[in-house]
1. Could you run the Debye sum over the Cα atoms of region 31-152, one equal point scatterer each and no solvent, and tell me log10 of I(q)/I(0) at q = 0.10 Å⁻¹, two decimals?
2. Taking R0 as 41 Å, what's the FRET efficiency between Asn97 and Tyr54 from their Cβ-Cβ distance, rounded to 0.05?
3. Mind putting a number on the dipole of region 31-152 about its Cα centre? Charges go on the C-beta only, +1 for Lys and Arg and -1 for Asp and Glu, and I need it in Debye to the nearest 20.
4. Give me the extension gain from Arg141 to Ile43: residue separation times 0.36 nm, minus the current Cα-Cα distance, reported in nm with one decimal.
5. Residue separation times 0.36 nm, minus the C-alpha to C-alpha distance between Asp62 and Gln148: what's the value?
6. About the Cα centre, and with charges only on the beta carbon of Lys, Arg (+1) and Asp, Glu (-1), how big is the dipole of region 90-154? Nearest 20 debye, please.
Amino acid sequence: MRVPLASIVIAFVAGILLTSLEPADAQDPESSPNPAVYKAQLIQFIQLARKNLYEIQALPVDDSIPIDPAVRNNARNNYILIRAAVWGMDLQMQKANYRDPILVLAQKRVDEAKNLARYPVDFTGGPRGEYVNKSVECLSRSLKLVHQALLIMP
């Protein structure tokens, strides 16, 4: 029995569309108690947060136009990055016999920044003007906190 070529092509295209198109190596960053790792994650967070700020500010004010999934995905990736850094700092403090007060202060700032970085991820369904204003406010404050933390980290 012969199967028409068009049926094979349609099945192939349907299979491609139904499978995940994410690269296999696109995984969440690992938490590490190594200061070099979480500092690098915080620097990467700063770079991505600046990009997110520009993307969010460029969103159309019309609520009927959905938010671009790439903007939402970038905000999510940014949150995941800072969350991994916070966990890495926690791991380092748990392993240490002596709690460095400077590291504790830096970790508190990064933890607050993490909570602020969550807003652009979780509140995309509200009014667009409110979402843009509050996201810009939260990300800007988050950036300042991470900068301060990096400056005081041992």
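1. Values, matching the q order: -0.32.
2. Taking R0 as 41 Å, the efficiency between Asn97 and Tyr54 is 0.40.
3. 420
4. Working it through step by step, the gained length comes to 33.7 nm.
5. Extending this stretch completely gives an extra 27.4 nm.
6. It works out to roughly 60 debye.
Laboratory data are not the source of any read-out in this text; all were calculated from the coordinates shown. Here the structure is a predicted model, which is why all the values come from computation and not from measurement. As a convention, Cβ positions derive from the backbone with ideal geometry for all residues, glycine included, and neighbour counts pool all protein chains shown.
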